[in-house]
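Asker: Let me begin by handing over the structure; questions about it come next.
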């Protein structure tokens, strides 16, 4: 691996630190004009002005990249996706446009069950090829680390297959994949009306295999009215934590059920969605340092009110932003769309959005000590924009302005930086 020296960047913009930023700290972006980055063996050695770096390093020892008139950011971290699945559901998208609700479709045996049927019939090779292509698309948008959830099997064989595909993709693809077990994504038809028995099945038959094969870091649950109750979610996540999994929770997406409060009680790593989180729930997230992962593209695609990012940040929460890429409620992984929605409709500042997509996203995956910022000792995951300042991420609305991507010190997407 060659050492890399990036010079003459019009601006380097990055949060700083090894833990999630809370509240007004999310605005604390370090900006270096005419910046430079020194990369050795895939790790950031130093970040400073080009003038200072040129005084200390011999250019002959590096592959030199000229980032003149371009802005450098940490690689984006998409901390909530469902990107391993078979089949698509365009008909349901248009059903919602004509008035059907997400839960109406689920109760009609559509929704997640449709994707379960398609995923169960997909081979390892088919899911791998689909996943590899989707990771390529993510990389184009500057995503260098992504979380992927199972949850489209709802049986032992397919849940394990999904997780094994993600493990193999993490080994083979440039993008790092962090796996989450989401067997409690819905109750499958074979357990209809037997929610408690299904959770017993997950605890007794599936979680031990996931643990034995070391296929997931996290256990997640879709805690929602008519899906998995608060009580069953508590039981599942408490058991998973005892087994060594870290907890995540789909919380308060459709109704205010108390999912955010449960996330705080369990000290989960993150609570996600939160469109209907209560004031007490938001307070619990802040007090227990649970990352509030907000998914603006899902609210947009479902035509629902957005999660109250402004209230959460002002209440001292750590907010992350993620795509929720999936075949049903949010078939998009567009980073520029999410930046636009976060800043225009959710009233986040550009600086808060950057922190949410980098350091706080990393914290939502338990990796803030290794990725998410541009500073000495972190992995050299960088995004180089086509424009001189990070503000173009919102200003050039909805357009992918990623010029180049460096992952672990290797140039993996390169347009014009040379």
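The values are calculated or read from the model by the stated rules, or taken from the named source; none is laboratory data. Fair warning: this is a prediction, and the values are worked out from it, not measured in the lab. Cβ sites come from the backbone with ideal geometry, for glycine too, and all protein chains shown count toward neighbours.
Asker: For residue 247, are the conditions met, namely being touching a helix residue (DSSP H, G or I) at 6+ places or on another chain (Cβ under 9 Å), under 21 Å from residue 178 (Cβ atoms), in a helix (DSSP H, G or I) and in the same structural domain as residue 298 (by TED's automatic domain parsing)?
Answerer: The answer is no for residue 247.
Asker: I would also like to ask the following. With crowded, with 23+ Cβ neighbours inside 10 Å, closer than 23 Å to residue 237 by Cβ and either in the same structural domain as residue 81 (by TED's automatic domain parsing) or modelled with pLDDT of 95 or more (or both) as the only criterion, which of 142, 151 stands out?
Answerer: Exactly one of 142, 151 is crowded, with 23+ Cβ neighbours inside 10 Å, closer than 23 Å to residue 237 by Cβ and either in the same structural domain as residue 81 (by TED's automatic domain parsing) or modelled with pLDDT of 95 or more (or both), namely 151.
Asker: Given the criteria at positive phi and surrounded by fewer than 22 Cβ atoms within 10 Å (Cβ to Cβ), does residue 214 qualify?
Answerer: When the stated conditions are applied, residue 214 passes them.
Asker: Restricting the search to segment 367-413, which residues are under 25 Å from residue 332 (Cβ atoms) and in a strand (DSSP E or B)?
Answerer: 382, 383, 384, 385, 402, 403, 404, 405, 406, 407, 412, 413
Asker: Assigned to a strand (DSSP E or B), free of Cβ contacts under 8 Å to residues at least 40 places away in the same chain and not assigned by TED's automatic domain parsing to the domain that holds residue 290: does that describe residue 45?
Answerer: No, not satisfied.
Asker: I'd like to verify a number: residues in segment 21-42 that are closer than 23 Å to residue 408 by Cα and either outside the structural domain of residue 383 (by TED's automatic domain parsing) or in a loop (DSSP other than H, G, I, E, B) (or both), how many?
Answerer: Qualifying residue count, segment 21-42: 3.
Asker: A further question follows. Kindly list the number of the only condition in (1) over 30 Å from residue 185 (Cα atoms); (2) buried (at least 19 other Cβ atoms within 10 Å of the Cβ); (3) in contact (Cβ under 8 Å) with a residue 24 or more places away in the chain that fails for residue 77.
Answerer: (1)
Asker: Which of the residues belonging to segment 214-228 are part of a loop (DSSP other than H, G, I, E, B) and touching a helix residue (DSSP H, G or I) at 6+ places or on another chain (Cβ under 7 Å)?
Answerer: Step one: list which residues in segment 214-228 are part of a loop (DSSP other than H, G, I, E, B), which gives 214-217, 224-227.
215, 216, 226, listed by residue number.
Asker: Looking only at segment 228-256, which residues are surrounded by 23 or more Cβ atoms within 10 Å (Cβ to Cβ) and more than 18 Å from residue 322 (Cα to Cα)?
Answerer: Residues satisfying the conditions are 228, 233, 236, 237, 240.
Asker: On the given criteria, is residue 281 on the phi < 0 side of the Ramachandran plot, assigned by TED's automatic domain parsing to the domain that holds residue 222 and under 20 Å from the mean Cα position of the chain (by Cα)? Write out each step before concluding.
Answerer: Numbers: on the phi < 0 side of the Ramachandran plot: yes; assigned by TED's automatic domain parsing to the domain that holds residue 222: yes; under 20 Å from the mean Cα position of the chain (by Cα): no.
It is false that residue 281 is on the phi < 0 side of the Ramachandran plot, assigned by TED's automatic domain parsing to the domain that holds residue 222 and under 20 Å from the mean Cα position of the chain (by Cα).
Asker: If I filter segment 69-94 down to residues being at pLDDT 95 or above and over 21 Å from residue 134 (Cα atoms), which single residue comes out as farthest from the chain's Cα centre (by Cα)?
Answerer: Within segment 69-94, the match that is farthest from the chain's Cα centre (by Cα) is 69.
Asker: Could you say whether any residue in segment 196-203 is in the same structural domain as residue 165 (by TED's automatic domain parsing) and under 25 Å from the mean Cα position of the chain (by Cα)?
Answerer: yes
Asker: With the requirement that a residue be surrounded by fewer than 24 Cβ atoms within 10 Å (Cβ to Cβ) and either assigned to a loop (DSSP other than H, G, I, E, B) or free of Cβ contacts under 8 Å to residues at least 60 places away in the same chain (or both), what does segment 1-20 give you?
Answerer: Across segment 1-20, the qualifying residues are 1, 2, 3, 16, 17, 18, 19.
Asker: Do any helices (runs of 4 or more DSSP H) lying entirely in segment 95-189 carry at least 2 residues that are within 17 Å of the chain's Cα centre (by Cα), and which ones are they?
Answerer: 124-140, 156-172
Asker: Please verify whether segment 312-321 includes one or more residues that are within 13 Å of the chain's Cα centre (by Cα) and within 18 Å of residue 149 (Cβ to Cβ).
Answerer: Applying the first criterion (within 13 Å of the chain's Cα centre (by Cα)) to segment 312-321 yields 319-321.
So of that shortlist, the ones also within 18 Å of residue 149 (Cβ to Cβ) come out as 320-321.
Yes.
Asker: Given (1) in contact with a helix residue (DSSP H, G or I) (Cβ under 8 Å, 6 or more places away or on another chain); (2) not assigned by TED's automatic domain parsing to the domain that holds residue 283, identify the lone condition not met by residue 83.
Answerer: That leaves (2) as the condition not met.
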